[in-house]
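In what follows, a single structure is set out as structure tokens and then discussed.
The values are calculated or read from the model by the stated rules, or taken from the named source; none is laboratory data. Predicted model, so just to flag it, every value in this text is computed and none were measured. Quick reminder, even Gly has a Cβ in these numbers, built from the backbone with ideal geometry, and neighbours come from all protein chains shown. Heavy atoms of the whole protein, side chains included, go into the accessibility calculation; ligands, DNA and RNA do not. Shrake-Rupley method; radii C 1.70, N 1.55, O 1.52, S 1.80 Å.
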There are 2 protein chains.
Amino acid sequence: MKTLQMTSSDRTTFLTSRFFGRLPCSTVDAILEDARLSTFKEHDILFHQGDSIVDVFFVLSGLIRLYRVGKDGRQADVAVFSKGEMFADNTMYLGRATASAEAAEASVIARFDSAKLRQLAAADPDVAQAFIEHLCHRGKMTEDLLAQDRLLTATQRVASYILSHCPNGTATSFSFRLPFQKSVLAGKLGLAPEALSRAFSTLRRSGVIVKGRIIEIHDRLALERF
Amino acid sequence: MKTLQMTSSDRTTFLTSRFFGRLPCSTVDAILEDARLSTFKEHDILFHQGDSIVDVFFVLSGLIRLYRVGKDGRQADVAVFSKGEMFADNTMYLGRATASAEAAEASVIARFDSAKLRQLAAADPDVAQAFIEHLCHRGKMTEDLLAQDRLLTATQRVASYILSHCPNGTATSFSFRLPFQKSVLAGKLGLAPEALSRAFSTLRRSGVIVKGRIIEIHDRLALERF
DNA sequence: TCTAGCTATTGACCAAGATCAACTTACCGA
DNA sequence: TCGGTAAGTTGATCTTGGTCAATAGCTAGA
């Protein structure tokens, strides 16, 4: 882990993010003054489930996965965060990490002091609002995963994920590049990597072609029928 | 649905709840002035997934389940709320219901105007903090369910639920009464009712005896081994 | 260019839980 | 007290996805 200086590109990442983007620049500046940047190598652990956490984290680049560990050592992902996303903000109030955090790729992470942010949230309604909105959104993402796990088959979950990357408009074919390894997508969707692979294989008959990280959809309507 | 007056017992329910309990009485009084109470019969729908919601809801008595509906009409519970719990507060900021709400038992529900609560949260840091803490807690509950679904078998999930009702202390045997029908517990744990029944049957060999809604645990340590 | 290691795919097998059906138990109202 | 209905249990079968192993493909470094 190495300490870094913030670049103007980093600053842009903050300003265009969900949390910071709705705050006045002066407030953002005040918060960013306190930012401490670190790099993490792939597989580095940021914190463990149950740890006392005194920081809030933000992804400047790379990928972070949150996971819980079962008694038998197996891991289950509960969230994945990419560039521009804040995480572990719930620990400002819960105090302890609800899951472990690991860098799924080499990452640059900014950290902010929880106590200072709590004070700022108490003093500035805009900051409190930003947290409330962020937590509402985060909660919906988790609820989405729970509902999908409970309602959909593996293939339907993959189809749904693909459709969520469909550009707006009426195009029936499109392609996109997976922003991470397939094993990370498998974890996010609550599947074993083999099951993800089989789901892609099943979707091949519905016009989904996988070339490494590139996913080509030849018939969007066929996907929507899953 | 019938409109009701608030009783002193209702007021106590508010004051001892997670959300209201941490607020000054003057703030609680201001919020409760706006409360509108209604009764719902079992199976009454409060709102549907996707509805525009302009209220925040609170359970004074009874039981509310939030569920999502799949394309095939199947339902998956994503949360269950009992007396003293607030729900659909995320719609203050998301605007639309992320799930449908149904009374799982005859219920008395208080409703509060979202716009007024948003204004109050913007004006009063204590109210904003109460929402933030409530959303953090709520998010952890959802993450708990997601992680359990992904990590545990049906029997382990039931064992875990039972252990969460274990009184503090060193007693190795105890009993408690399920606060709702078993079919509601099944939904909450993401199981078919038959699967819940089989899990209880499996746990019989580990000292768990089911008598209607009464669950008797004869060997807590055996349960902890699941 | 080649080799080693990592990622992903495919095959085979097995376990868990859903689904459907039938039966039992419990509760409520007449 | 009796009958009807709802809740819960149990059996059988099927589907889905996990696990383990082997293989293929891809990438990076020498």
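A few remarks follow.
- Overall, the accessible surface of chain A at a probe of 1.4 angstrom is composed of carbon and sulfur to the extent of 49 percent.
- Residues whose placed amide H lies under 5 Å from that of A:Phe47, excluding near-sequence neighbours: A:Ala101
- Per-copy distances of the B:Arg204 label point, shortest first, in nm (7 angstrom along Cα→Cβ): 4.8
- In order along segment B:113-126, the phi-based Karplus estimate (6.51 cos²θ - 1.76 cosθ + 1.60, θ = phi - 60°) of 3J(HN,Hα) comes to 5, 4, 4, 5, 5, 4, 4, 5, 5, 5, 8, 10, x, 4 Hz; Gly and Pro are listed as x.
- Contour excess over end-to-end distance, with Cα ends at A:Arg74 and A:Asp51 and 0.36 nm allotted per residue: 6.4 nm
- Sites B:Ser9 and B:Glu194, calculated FRET efficiency, Cβ-Cβ separation with R0 45 Å, nearest 0.05: 0.75
- Here segment A:154-224 is assigned +1 on the Cβ of each Lys and Arg and -1 on the Cβ of each Asp and Glu. Its dipole about the Cα centre then comes out at about 180 debye.
- Between B:Ser61 and B:Ser201, the FRET efficiency estimated from the beta carbon spacing at R0 = 51 angstrom works out to 0.95.
- J(HN,Hα) series, segment A:96-106, from Karplus relation 6.51 cos²θ - 1.76 cosθ + 1.60, nearest Hz, glycine and proline x: 10, 5, 7, 8, 7, 10, 9, 6, 7, 8, 4
- Within a Gaussian network of chain B (alpha carbon springs, distance under 10 Å), most fluctuating of B:Thr98, B:Thr16, B:Thr170: B:Thr170
- Considered as an equivalent ellipsoid built on the Cα gyration tensor, the protein assembly as shown has semi-axes of 34, 30, 24 Å, the largest given first.
- Ranking B:Met86, B:Thr170, B:Ala30 by how far each Cα lies toward the positive end of the dipole of the protein assembly as shown (charges on Cβ) leaves B:Thr170 at the top.
- Under 5 Å from the amide H of A:Val78 lie the amide H atoms of A:Leu66, A:Tyr67, A:Arg68, each residue being 5 or more positions distant or on a separate chain, with H modelled from the backbone and absent for Pro and chain starts.
- Qualifying aspartates and glutamates (Cα of each under 16 Å from Cα of A:Lys182; at least 8 residues distant if same chain): A:Glu42, A:Asp77, A:Glu105, A:Glu194, A:Glu216
- Chain B, helix-only ellipticity at 222 nm - DSSP H runs n ≥ 4, -39,500 (n - 2.57), divided by all residues, nearest 500: -12000 deg cm²/dmol
- Axis of helix A:154-163 versus longest Cα principal axis of chain A: the two differ by about 70°, to the nearest ten degrees.
- Pairwise FRET efficiency - A:Arg213 versus B:Ser173, Cβ, R0 = 51 Å, nearest 0.05: 0.40
- Candidates B:Arg74, B:Arg36, B:Arg96: whichever shows maximal mean-square fluctuation once chain B is modelled as a Gaussian network with Cα springs under 10 Å: B:Arg74
- Histogram of C-alpha separations across chain A, 5 Å bin width, %: 1, 6, 13, 17, 17, 15, 12, 9, 6, 3, 0, 0
- Residue-normalised accessible area of segment A:2-136, given per residue in Å² at a 1.4 Å probe: 42
- Separation between Cα centres of segment A:39-117 and segment B:23-78, rounded to whole Å: 32
- Built amide H within the under 5 Å cut-off of B:Glu105, gap 5+: B:His43, B:Leu63
- Those lysines that a straight Cα-Cα span of less than 26 Å connects to B:Lys116, excepting residues fewer than 8 apart in one chain: A:Lys140, B:Lys2, B:Lys83
- Here segment A:101-226 is assigned +1 on the Cβ of each Lys and Arg and -1 on the Cβ of each Asp and Glu. Its dipole about the Cα centre then comes out at about 480 debye.
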